[in-house]
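Heads up: the structure comes next, in structure tokens.
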Amino acid sequence: MQNRFRKIVESSGPYLGLIFLTIALTILTGGEVIAPGNIKLVLEQSIILIFASTGLIFVMTMGMLDLSVGANICICCYMVAKVCQVNIPLGILTALLTGILVGFLNGVLTGRYKIMSFLVTLCTRYIINGLMVPLIAKEAVTVPFALYSYDNFGFKITVLILLVGAAGCLYMFTPFGNRVRMIGSNELGASYSGVNVRQVKIGCYMICGAFGAVAAFFTAIRTGTAALNTGSDMMFNALIALVMGGFPARGGAKARFSSCVVGGLVLSILTNGLTLLEMDATLQQFLKGGIFLLIIVLVSEKKRSGGGRLRLRLRTES
Amino acid sequence: MLARFEHMKKYFGATRAVDDISVEIGAGEIRAIVGENGSGKSTLLSMIAGILEPDGGEMFLDGQAYRPSSQAEANRLGVSMIVQEISTLPGLTVAENIMLGREREYTVFGIRNLRQLNRMVKEKLERAGLMEIQPDRDAAAYSLEQRKLIELVRAADVEPKILMVDETTTALSQTGREELYKLMRNTKARGSSVLFISHDLKEVLSVCDSVTVMRDGVLIDTVPTEGMTEEGLKNMMVGRELSGHYYREDYGTPISDEVVLEVKDLNCPGRFQNVNFQLHRGEILGFGGLSEAGMHEAARAVYGMEYDVSGDVVINGEKMHSVKDRLAKKVGYISKNRDMESLFNQASIRDNICITCFDKLAPKGVVTRRRMTRFAKEQAGLLQVKMRDTGQPAGTLSGGNKQKVALSKWLACDTEIFIMDSPTRGIDVGVKAVIYGLMEELKNSGKSMIIVSEELLELIGMADRILIFKNGEISGEIERNKDLTEEHLVQRMI
């Protein structure tokens with residue numbers, strides 16, 4: 001019974017959640033949520049989130065974490081704002097390279113030096129924040145006026161479809177994507193099967209960094225400034241989005257790419273609906289944290305291990 | 001009669017792992033349970049040990065209804081199990097491991113008296129003849145075999161009414177086995193019973209009083225070992241007459257002069273020294289020795305996965321620097337540690353087989369699931385893997401079928417040189433025969449193999465040449481011949 005319930009939650013849960021949430025919020029807000037203007041707003045809000053979680057999905061599939069997503073967005077946002085004042089394409093390129101560099105550092109530290117990803121990215125997060133303090137603590141940098149021309153819905157959606165589509169193909173239809181999932185399933189086994197684990201790890205963090213930079217670009221043109229708190233909520237939001245999208249918390253072979261898109265939408269609708277209901281922002285965080293834990297508990301594998309003696313793996317046959 | 005198990009059932013989805021089995025065990029009886037992989041032996045024992053919950057049936061111990069809710073409760077009621085896997089906890093000392101769950105015995109006023117603990121355990125270890133094991137050292141510091149012996153000491157110490165031993169001997173050398181047999185005999189002498197799972201039928205016949213044979217989750221028969229033969233047991237397990245053909249039967253077949261792999265002065269401090277050999281085209285080279293003799297590590301070093309190795313591995317005239325180089329030369333490695341190093345248990349059979357073959361599957365860098373499924377199905381079909389479909393998680397297969405998947409992973413990518421570490425470890429006769437047949441086929445098609453094995457008969461039966469390892473060095477080289485016996489090999493091993 002519990003088993004079947006878990007299977008349903010795992011396979012179609014995110015979609016059911018999306019539908020249920022939309023209906024519930026529609027009723028609660030008296031239809032405000034599905035007003036055409038609001039739908040567009042929700043989509044627009046979800047774009048940055050989907051970019052961030054698309055990058056994160058590669059890292060998390062390997063069973064690793066990236067806590068530096070928010071800080072990465074912050075520094076890339078600064079690059080966009082600062083360098084675009086000189087030249088717009090150069091600014092975008094600089095931001096992209098910065099994001100990739102941050103990812104590369106994370107990748108080398110976890111892949112080459114085999115330090116726990118949680119520690120590495122927690123440290124890079126604080127290092128980047130520390131770097132940003134002297135630059136923008138006193139005064140936020142304003143994005144040059146010319147960039148606002150990119151702030152149109154059609155452009156954003158096109159970029160989203162192209163980039164996330166490309167990432168999806170990479171994830172689902174290439175040997176690289178397969179190797180990522182196999183590392184998540186059994187890292188040691190992957191290295192014995194001839195997978196270059198170090199290379200794949202660095203690659204995943206670089207993808208994550210690059211998508212952080214893209215998210216940063218759209219954050220910049222949306223908010224118009226690069227400040228210290230830019231992107232600070234993204235670390236946790238991208239994580240919740242994935243989990244809400246049905247992503248197994250430990251990654252591995254069962255991970256589905258759709259999680260980042262579905263999860264991004266679910267979380268955005270939830271945030272939007274709660275804001276329409278005039279719920280306090282702090283209270284919203286409380287609620288999101290609670291939902292996050294609830295999902296993790298519901299989908300976590302319940303293993304029956306006998307008391308004091310530990311048997312790590314129960315075989316199902318023989 | 002000590003214990004009675006009636007109409008035991010356990011289903012995993014559509015698989016009937018144990019299907020209505022009733023067994024009785026007498027006091028002071030050593031009972032073997034044999035059957036092919038996937039016949040449900042471990043599942044039955046796991047239910048008795050409180051690890052798995054039965055889907056049906058009743059158990060009685062000493063005439064009382066017995067329903068353990070956990071392994072700890074089963075232990076308390078006098079049922080303990082030594083599992084196939086290592087179950088000592090790393091990070092705890094040997095003494096803490098042995099006294100796990102019985103902390104009260106050395107706790108004074110809520111404070112653990114470590115000196116008393118170590119003294120107690122030292123005595124127990126000495127009584128078991130394990131002088132070299134220090135009670136206050138981390139259990140992880142000891143070898144696989146020593147950790148297994150530590151488990152034995154723990155199991156003996158609680159003086160269980162039923163002691164269950166699940167395929168433990170594969171991890172043990174001869175001395176370790178003697179320890180285990182002693183423990184089993186002591187248990188019997190106390191009037192308690194032993195349930196013993198083993199694939200080594202010779203061992204079963206010499207150690208046990210009676211044998212219960214299982215097949216596909218069903219009880220076939222329980223017979224006394226007296227007057228029973230290995231052949232007879234095999235036939236009962238498989239359910240058909242097995243032909244005598246098992247190992248290779250050819251002798252004196254010439255081996256090609258072509259050297260495909262050469263190892264020069266391979267050294268690894270503390271594990272092996274001065275390993276030199278040549279592997280020819282179409283040759284089966286055996287590595288034999290005690291489990292700690294360095295042969296497993298040497299094989300891993302040939303594949304490039306061991307640390308701190310000096311010396312050269314040359315394949316087809318080229319010096320190897322990394323695992324990647326070896327893959328380019330079509331070398332494949334099958335680990336002794338199937339679940340940790342060969343397989344992706346939560347991933348599908350499809351993903352498991354395709355992982356080595358993306359060059360073939362995705363020449364343009366793109367691969368669809370449909371193509372992977374077709375490919376995996378074809379490859380798994382070659383070795384007759386028993387499965388629902390290729391999407392089934394590899395972890396749900398039985399040991400023998402897991403090994404088939406691990407093998408097809410390397411067969412699928414046209415491997416030329418196989419390095420197989422204990423390829424038939426913990427595998428039943430049916431699958432063993434398949435694997436031996438495969439080796440012969442591979443040899444005939446010009447592939448080369450290094451086979452590391454602790455089963456001497458397997459080396460004698462299959463290898464063209466056997467290198468014997470002793471204390472990390474090659475102590476002898478033996479050519480294939482008809483009159484070779486285990487004694488010849490053992491002499492050089494010890």
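The values are calculated or read from the model by the stated rules, or taken from the named source; none is laboratory data. Quick caveat, the model's predicted, so the values are computed rather than measured. Don't worry about glycine lacking a Cβ; one is built from the backbone with ideal geometry, like all the others, and counts go over all protein chains shown. Accessible surface areas use protein heavy atoms only, side chains included; no ligands, DNA or RNA. Shrake-Rupley method; radii C 1.70, N 1.55, O 1.52, S 1.80 Å.
For chain A, return all DSSP H helices satisfying: extent of Cα atoms along own axis at least 24 Å; mean Kyte-Doolittle hydropathy at least -1.0.
Length and hydropathy pass: A:2-28, A:36-61, A:88-107, A:117-136, A:153-173, A:197-223, A:258-276, A:281-299.
Going by amide H atoms built from the backbone, whose H comes under 5 Å of the H on A:Gly245, apart from near neighbours?
A:Gly263
Can you list the aspartates and glutamates whose alpha carbon sits under 16 Å from that of B:Lys10, skipping same-chain ones fewer than 8 residues off?
A:Glu317, B:Asp19, B:Asp20, B:Glu53, B:Asp55, B:Glu58, B:Asp216
Could you tell me how many degrees, from 0 to 90 and to the nearest 10, lie between the Cα long axis of helix B:174-189 and the main elongation axis, the longest principal axis, of the Cα atoms of chain B?
On a 0 to 90 degree scale, this one is about 20.
Quick one: in the protein assembly as shown, what % of C-alpha pairs are over 35 Å apart?
57
I'd like the Kirkwood hydrodynamic radius of chain A, using the inverse of the mean 1/r over distinct C-alpha pairs, in Å.
Taking the inverse mean of 1/r over all distinct Cα pairs, chain A comes out at 20.5 Å.
Once phi is turned into θ = phi - 60°, what whole-Hz ³J(HN,Hα) does the Karplus curve with 6.51, -1.76 and 1.60 give for every residue of the range B:115-123, x standing for Gly and Pro?
Taking θ as phi minus 60°, the curve returns 5, 5, 4, 5, 5, 4, 6, 4, 4 Hz for the range B:115-123.
What is the calculated FRET efficiency for B:Ile220 to B:Glu6, with r their C-beta to C-beta distance and R₀ = 22 Å, to the nearest 0.05?
0.80
Set the Förster distance to 30 Å, then compute FRET efficiency between B:Glu477 and B:Glu178 from the Cβ-Cβ distance, nearest 0.05.
0.60
Give me the extension gain from A:Ser149 to A:Leu16: residue separation times 0.36 nm, minus the current Cα-Cα distance, reported in nm with one decimal.
Here the segment from A:Ser149 to A:Leu16 would lengthen by 44.2 nm.
For the range B:259-493, place one equal point scatterer on every Cα, skip the solvent, and apply the Debye formula. What is log10 of I(q)/I(0) at q = 0.09, 0.15, 0.16 Å⁻¹?
Each listed q maps to, in turn, -0.37, -1.02, -1.15.
Name the shape class, rounded, prolate or oblate, that the alpha-carbon gyration tensor gives for the range A:50-233, where a ≥ b ≥ c are the square roots of its eigenvalues, rounded holds for a/c under 1.5, and otherwise prolate holds if a/b is larger than b/c and oblate otherwise.
It comes out oblate by the Cα gyration axes.
Quick check: Cα centre of the range B:264-314 to Cα centre of the range A:54-119, how many Å?
That distance is 42 Å.
Which FRET efficiency value, to the nearest 0.05, do you get for B:Lys324 and B:Lys264 by plugging their Cβ-Cβ distance into 1/(1 + (r/R0)^6) with R0 = 22 Å?
Here the calculated transfer efficiency is 0.60.
Counting each pair of different Cα atoms once, what's the Kirkwood radius of the range B:1-134 in Å, rounded to one decimal?
One over the average 1/r among Cα pairs gives 17.4 Å for the range B:1-134.
Which three extents, in whole angstrom, do the alpha-carbon atoms of the range A:95-157 cover along their principal axes, largest first?
44, 33, 17
Using the Kirkwood radius built from alpha carbon pairs, what does the Stokes-Einstein equation give as D for the range B:345-480 at 20 °C and 1.002 mPa s, in µm² per second?
132
As a test of the formula, what do you get for chain A when each DSSP H run with n ≥ 4 contributes -39,500 (n - 2.57) and the sum is divided by the residue count, at 222 nm and rounded to the nearest 500 deg cm²/dmol?
Rounded to the nearest 500, the figure is -23500 deg cm²/dmol.
Just to be sure I understand the model, the point goes 7 Å from the Cα along the line to the Cβ. What's the resulting A:Arg250 to B:Val158 distance in nm?
In this crude spin-label approximation the distance works out to 2.5 nm.
Using a basic spin-label model with each label point 7 Å from the Cα along Cα→Cβ, how many nm lie between A:Ile127 and A:Leu162?
It works out to 3.2 nm between the two label points.
May I ask for log10 I(q)/I(0) of chain B at q = 0.06, 0.07, 0.11, 0.12 Å⁻¹, from a Debye sum over the Cα atoms as equal point scatterers with solvent left out?
Ignoring solvent entirely, the Cα scatterers give -0.30, -0.41, -1.02, -1.20.
Heavy atoms only, probe 1.4 Å: what % of the accessible area of the protein assembly as shown goes to carbon and sulfur, would you let me know?
For the protein assembly as shown, the apolar C and S fraction of the accessible surface comes to 56 percent.
With labels modelled as points extended 7 Å from the Cα through the Cβ direction, what inter-label distance (nm, one decimal) is found for A:Gln199 paired with B:Arg67?
For the pair A:Gln199/B:Arg67, the computed spacing is 5.7 nm.
Mind checking the dipole of the protein assembly as shown: about its Cα centre, +1 per Lys or Arg Cβ, -1 per Asp or Glu Cβ, Debye to the nearest 20?
The calculation lands at about 2280 debye.
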